[in-house]
Amino acid sequence: MPKSPSMPPLPLNGLFPIAKPSGPSSMKVIDSITSLLLESKLFDDPEKRKHARFQKNKKKNTAHLGLKIGQGGTLDPLADGVLVIGVNRGTKHLNRFLECTKEYESIGLLGCITTSMDSDDPVLSTSSWEHVTREDIEKVLDTFRGEIDQVPPIFSALKMDGKPLYEYARESKPLPRPIPTRKCQVSIELIDFRPASVTPGDGGHEYKWPTKRLSEDEKKVFRKLTDIVSQAGTEPSKPKGANPTTLEESAFNGDVPDSKPAETKKESFVPDLEKPDYPEISPINGLRPPTFTVKMTVSSGTYVRSIVHDIGVALGCGAHVVKLTRTRQGEFSLYGDEKVLAASASEDIKSKTDAPSEQINPETDVNAKAGEEEIPGPTNGSIPWPVWERAIKEREETIKAEKQEKEEAIMSGMSAEEIHANYSPEAIKQRRYEGGLREWETEVLRRFVSVPVPPNGGHGEGHGKKQY
């Protein structure tokens, strides 16, 4: 059996992937794990903390605490999947993850167009969907394969003259110039077409259209945005071999793509905000609309939600994203460690204290005693979010117990010197360090990709960029 790799040089400088859950923003996810990293011996750099103590922290970050942390490509709150984390000198290597190829799996729900193309925002329009079959979707996907021209959504963070597009939209201000199209490479396949559930356990999906609708004031803003994009002269996007449109054209300018040749004239499609909603439960068959799941590999800058939206428009009924998962970003994959992922997904998973096999015991592990802890061999896949949830909960419980212990020591008459010696931040940190690696630290080390550090440890100025 091959020997497990030894602990890399500390503090760690490099990259590791986590599995972001759906719900919180990417920054909220990073904020929630930052305290763990700051208190870990894997990332503690006393020398950096000493230098940072004398620097003014103008930015809202952790650099003044001796730790740099960032992420290599934001995922919206609805989305889940791979989020690449860079720590210390690893943050200098994050830009390449903005430019790399990415893989996604997305579920679209038919019959409904929303303002943001996903289920978090209000409905724009609903249409009949009963005519759509799996074969129809397969045919439509042919028009989205290869190189396509895509226009970024006006509700996006892309900047124009230093200002995000979504700010122009919210302020109802005209755009200074057309939104430029971008070339995108797309490989896409249909992996599921699923009817809605009728009875529990029948294998159908449980997704439903959003209940929120636009108010009269919001409808006025939407109409104004239609004029803004039209006056800006946004060029229509033209997927290879046909002419499906992007969000801006279908929701604002109104072209409906179809499977006809490119020279065939298309009919105009603009969501009619005054027409009655088409019911979610079909008056024809009494069912709710089906979902379709697509797997795609896309180049940098591709808006996946726009593609799902455009598929719905091409089908003549509209669609929006109800689930979006990034399964790969560069060399980092969401899956790979199926055993860990399956265990973490289980509702009755045991706590860390019930799973000593995941821990390194400093009392029995010779290398741990010597400060040369060995870790399990490298593994693929991202760190499941339940690992972080357990770590956050454990930290909260530990802080509470330490506070109570300190209060009891004070009440018992312990001297101020003894209180400081046992309960100062440095004393508490040292005790935690002596406890061996925790579950989340082990999982980080299993996936960690180190980056080169200059001979002086990265302190000071004048270090050139290095590739790895």
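If you sort 428, 307 by accessible surface, 1.4 Å probe, largest first, the order is 428, 307. Shown is the FRET efficiency for residue 185 and residue 405, computed with R0 = 41 Å from the Cβ-Cβ distance and rounded to the nearest 0.05: 0.10. Computed over region 105-218, the quotient of the alpha carbon radius of gyration and 2.2 N^0.38 Å is 1.33. Rounded to the nearest 20 debye, the dipole size of region 66-200 about its Cα centre is 900 debye, using +1 on the Cβ of Lys and Arg and -1 on the Cβ of Asp and Glu.
At a Förster radius of 56 Å, what calculated FRET efficiency corresponds to the Cβ-Cβ distance of residue 158 and residue 420, to the nearest 0.05? E(calc), rounded to 0.05, equals 0.60. Filter 139/323; 102/275; 68/224 down to the pairs with a C-alpha to C-alpha distance above 31 Å, please. Where the Cα-Cα span goes over 31 Å, the pairs concerned are 102/275; 68/224. In this calculation the C-beta distance from residue 398 to residue 76 is compared with R0 = 30 Å, giving a FRET efficiency of 0.40. For region 387-427, the square roots of the Cα gyration tensor eigenvalues, ordered a ≥ b ≥ c, give a/c of at least 1.5 with a/b no greater than b/c, which places it in the oblate category.
The values are calculated or read from the model by the stated rules, or taken from the named source; none is laboratory data. Everything quoted here is computed from the prediction, not taken from an experiment. Don't worry about glycine lacking a Cβ; one is built from the backbone with ideal geometry, like all the others, and counts go over all protein chains shown. Quick note on the areas: whole protein, heavy atoms, side chains included, nothing else; ligands and nucleic acids left out. Shrake-Rupley method; radii C 1.70, N 1.55, O 1.52, S 1.80 Å.
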